[in-house]
Amino acid sequence: EEERTQQDRQRRQRGYHVLDYVIERKSVDDLIDSIKSNRYGMQKHLLKKSGIPNLMYLVEGDVDSHNNAQTAKTALVRLGAQDGFTVLRTTGTNTTIATYKSMTRTVERLYSDAVGPTSSDLACPTLGDLDLSISEERSLSVREVFNVQLQHIPGIGKQVAGALVRKFPTPMSLWNGVMRDAE
């Protein structure tokens, strides 16, 4: 059954092509939450591994007025300077929609000649190709998942979770350590 579902998904994906652009949109709150929970690093890593050349990060809202403004600003500077993303900032939903409209028109113009089986030299991978290129990356080890889970506990940040998983790489090893100390 699982194999058939996988084959059906691959068949559907063959007809879809991935353009040279991807935009990851986050509100300022979403950005901060994803940094704290380590989703941000994983999402950024997967986007970079996708092979898509034009990676964009759109942050919606006022970064400066957020109580974790420095964290967000640092992440956005690193995205642009170190990771090669184009960072876009909008003030809210309306400006985000206007930005999407403008970008859609630009992409439509860019790809208007790339239609049909004998399109121009704008060769876009299929969705299936993209899925294959990053599928290996989706598999997280128990240790990595445990690290993320620990960071969801109030008061346990990245450093504390990292120290815990270095000593106890799995939930069971932590449990055994606690039980051993309790005796």
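Could you pull out the pairs from LYS26/LYS158; LYS101/LYS158; LYS49/LYS73; LYS49/LYS158 whose alpha carbons sit more than 27 Å apart here? Show your work: numbers first, answer last.
On the way: LYS26/LYS158 21 Å; LYS101/LYS158 38 Å; LYS49/LYS73 24 Å; LYS49/LYS158 23 Å.
Check vs 27 Å cut-off fails for LYS101/LYS158.
Among rounded, prolate and oblate, which fits segment 69-110 when a ≥ b ≥ c are the square roots of the eigenvalues of its C-alpha gyration tensor, a/c under 1.5 means rounded, and a/b larger than b/c means prolate? Show your work: numbers first, answer last.
Numbers: a/c = 6.38, a/b = 1.59, b/c = 4.02.
Oblate, since a/c reaches 1.5 and b/c is not below a/b.
Working note: Karplus 6.51/-1.76/1.60 with θ = phi - 60° gives segment 157-163 the couplings x, 4, 5, 5, 4, x, 5 Hz, where Gly and Pro are set to x.
Any read-out appearing in this document is the output of simple, stated calculations on the displayed coordinates, not a laboratory observation. These numbers were taken from a predicted model, which means no experiment stands behind them.
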